[in-house]
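**Q** I have a structure I would like to understand better, so I am pasting it below and will then ask my questions one at a time.
The values are calculated or read from the model by the stated rules, or taken from the named source; none is laboratory data. All figures in this text were calculated on a predicted structure; none of them were measured in a lab. Positions of Cβ are backbone-derived with ideal geometry, glycine not excepted, and every protein chain shown enters the neighbour counts.
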Amino acid sequence: MKQNILPAIRLTAVCLVFFAGFYTLIGFGIAQFSPDNGKGEIVTFNNKKYYANIGQAFTEDQYFWSRPSAVDYNAAGAGGSNKGPNNPDYLKTVQERIDNFLKHNPDIKKSEIPSDLVTASGSGLDPNISVQAANVQAKRIAKIRNLNENQIEKLITSNTEKPFLGIFGTEKINVLKLNIALDGLK
């Protein structure tokens, strides 16, 4: 037994030093080469700082709405609802979101609502929506802001992020950046 315990203790000490020390320092060192030194993408608007890589709550009709969050956009408690697609509480929540969206967008049919406008992401902090989710909101925003719908569509197109290397992922739009650009329209 003694011959098994000592190697186990040594292995534990080596793993503790490596994973708590070296591995952490390596991750921290790599982050220093990323934008904003690994602190996230900071966007300043009207003398306030926002994190573009963390979802924000936009629910006013004059703005593009964000993807719903199961954690109320709290980065300290990231996570999904952990409710399955057949859970009655989950289905009720999604139906409430659909009803609310249709109330604020009367020209849209239920079948036209993209799923990312009524379902939360796994982290609850997704800052992006699909191009379809932005397009389906264009009419409402144009009407409220007294803008031409073509202006809104051009804004959506100019804020669309293409897939990484053209093949990894899908097109997406950062809602915070899109709404800041929207406020910049005259």
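**Q** Answer with yes or no whether Thr119 is in contact (Cβ under 8 Å) with a residue 40 or more places away in the chain, among the hydroxyl-bearing types (Ser, Thr, Tyr), under 17 Å from Phe58 (Cα atoms) and in contact with a helix residue (DSSP H, G or I) (Cβ under 9 Å, 6 or more places away or on another chain). Working first, answer last.
**A** Values: in contact (Cβ under 8 Å) with a residue 40 or more places away in the chain: yes; among the hydroxyl-bearing types (Ser, Thr, Tyr): yes; under 17 Å from Phe58 (Cα atoms): yes; in contact with a helix residue (DSSP H, G or I) (Cβ under 9 Å, 6 or more places away or on another chain): yes.
So Thr119 fits the description; yes.
**Q** Which one of the conditions (1) surrounded by 12 or more Cβ atoms within 10 Å (Cβ to Cβ); (2) not assigned by TED's automatic domain parsing to the domain that holds Arg145 does Gly29 fail to meet, given that it meets all the rest?
**A** (1)
Matching residues to (1) assigned to a helix (DSSP H, G or I); (2) in contact with a strand residue (DSSP E or B) (Cβ under 7 Å, 6 or more places away or on another chain); (3) of a type in the set (A, V, I, L, M, F, W, C):
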| position | (1), (2), (3) |
| --- | --- |
| Pro85 | no, no, no |
| Lys92 | yes, no, no |
| Phe101 | yes, no, yes |
| Thr119 | no, no, no |
| Gly124 | no, no, no |
| Lys154 | yes, no, no |
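Listed here are the residues, each with its yes/no results for (1) over 13 Å from the mean Cα position of the chain (by Cα); (2) surrounded by 12 or more Cβ atoms within 10 Å (Cβ to Cβ).
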position	(1), (2)
Cys15	yes, no
Ser34	yes, no
Gly38	yes, yes
Trp65	no, yes
Ala76	yes, no
